[in-house]
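The next block holds one structure in the form of structure tokens; read it before the comments.
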Amino acid sequence: MLAVDVEKRLGEFSIAARFETASGVTAVFGPSGAGKTTLVNMIAGLVTPDRGRITLGDTALFDSEQRINLPAWRRRIGYVFQEGRLFPHLKVAANLDYGRRMSGLPPDAAETQRIVDLLDIGQLGDRRPGKLSGGERQRVAIGRALLMRPRLLLLDEPLASLDVARKREILPYLERLRDESAVPMVYVSHQANELRRIATSVVLLEAGRVTAAGGKDLLERAEAILV
Amino acid sequence: MLDLTPDEWIAIRLSLRIAIVATVVALPFGIAVAWLLARKNFWGKTLLDGVIHLPLVLPPVVTGYLLLISFGRRGPIGAFLYDWFGIVFSFRWTGAALACGVMGFPLLVRPIRLAIEAIDRRLEDAAATLGADRARVFLTVTLPLALPGLIAGFVLCFAKALGEFGATITFVSNIPGETQTLSAAIYTLTQIPGGDAAAARLVVVAIVISLVALVLSEWLARRAGMRFHGE
């Protein structure tokens, strides 16, 4: 599905990562500073790798040899950021609709309703992001990314800015998302307990290198190594 | 009450027209320059920044003189514009608008630049992942978020244009009905015997216009700011 083989140097730190994902939720697991965010930014097109290749299905998103570098806005990859990044000047409904409008997709009331119900954000449409709780904000951010009909959904520590109670509030939605939508996901986190509930496969990233890839059982081993 | 003569009304209308035209025409240039200065690094950036701020520190008469020798009918730019487009600035109200626009430009650019610099660029990244190309990111995220700065810059430029005197009178002189603005009319009235009452009337008008513009901008800025805080 998604195949990544990239190199990127950032001062002293370097990333040289290679992995492939299937459908379902691929966890990118590793300690803080392992380069997880830079890695997903390269997949999204926000950071350009020095060398390598990124393909999604049969589309080359980046290929240094063939000089392909699809800009972020043409990749159709949904991205849920750690801090939500909702547009403060737009109401929730306009935030949700933004990706669809910018991607030039026709309005689809049924699909919008499905996502809104899935995330339980129907009553928030008229509010501004500044008036939402942390949990609501992240649910809207997930909805916004899904409504652009992405071919892949990236989630970069989507629960990291939330307290324990809010995390418990969001996790069931993410599980429903995994079970009910066909969009493959790459889920970045350094919290093994979070990933244990949501991941279907695991990529372990340490100091910019992929040190292991496999099933969920990897989490137990990885946690033991990391702690 | 104020009982304004037709001549005084002409000066007031002319002033408003010059200030509005100067500010509206300067605005797109101001946004472009502010964006360049806020976001881009290029050769001569410091020079551009300096040239834009020059009218703020130069004596207005000097700015007016420079406009006269470059945009006058025999000036290099003025001659070109006349020969090719039939545009004349010297001794016309359009010249007054040009002088006012140049004088107000640094005041227009600065708040917009600061507003653009204050924008969280990660929001622009988010917009890009949602399918917005660079032009649309600018129009749907950058510009709306810079709106308070845009309003502030617009009002400062308008106020400067409305009160501009030195550069305007040097460049396009003081012709009633063509280039005699409110400020120039007040100045003229104070120079002639018995003009005090008329000057006082125009002074009151100038104060009223300025206050209305100030209150209006305050109100607009608050509305724009409120949107970000979820009211």
Which of the residues that make up region A:94-105 are closer than 14 Å to residue A:129 by Cβ and either surrounded by fewer than 17 Cβ atoms within 10 Å (Cβ to Cβ) or touching a strand residue (DSSP E or B) at 6+ places or on another chain (Cβ under 6 Å) (or both)? A:94
Can you tell me how many residues within region A:1-32 are in contact with a strand residue (DSSP E or B) (Cβ under 8 Å, 6 or more places away or on another chain) and farther than 23 Å from residue A:65 by Cα? 9
Count, please, the residues in region A:65-90 that happen to be among the basic types (Lys, Arg), more than 8 Å from chain B (Cβ to nearest Cβ) and in contact with a Lys or Arg (Cβ under 6 Å, 6 or more places away or on another chain). 0
Of the listed residues (B:167, B:135, B:128, B:199), the one being within 12 Å of chain A (Cβ to nearest Cβ), farther than 16 Å from residue B:35 by Cβ and either touching a strand residue (DSSP E or B) at 6+ places or on another chain (Cβ under 7 Å) or of a type in the set (A, V, I, L, M, F, W, C) (or both) is B:128
Which numbered condition residue B:147 misses (of (1) crowded, with 22+ Cβ neighbours inside 10 Å; (2) within 14 Å of chain A (Cβ to nearest Cβ)): (1)
Please tell me if residue B:152 is at pLDDT below 95 and touching a Pro at 6+ places or on another chain (Cβ under 7 Å). yes
Of (1) in contact (Cβ under 8 Å) with a residue 12 or more places away in the chain; (2) among the basic types (Lys, Arg); (3) within 9 Å of chain B (Cβ to nearest Cβ), residue A:131 satisfies all except one. Which? (1)
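Yes/no matrix, rows are residues, columns are (1) free of Cβ contacts under 8 Å to residues at least 12 places away in the same chain; (2) part of a helix (DSSP H, G or I); (3) touching a Gly at 6+ places or on another chain (Cβ under 8 Å):
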position: B:2; (1), (2), (3): no, no, no
position: B:8; (1), (2), (3): no, yes, no
position: B:16; (1), (2), (3): no, yes, no
position: B:20; (1), (2), (3): no, yes, no
position: B:29; (1), (2), (3): no, yes, no
position: B:36; (1), (2), (3): no, yes, no
position: B:46; (1), (2), (3): yes, yes, no
position: B:65; (1), (2), (3): no, yes, no
position: B:69; (1), (2), (3): yes, yes, yes
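The values are calculated or read from the model by the stated rules, or taken from the named source; none is laboratory data. If you're wondering where the values come from, they're calculated on a predicted model, not measured in any experiment. Quick reminder, even Gly has a Cβ in these numbers, built from the backbone with ideal geometry, and neighbours come from all protein chains shown.
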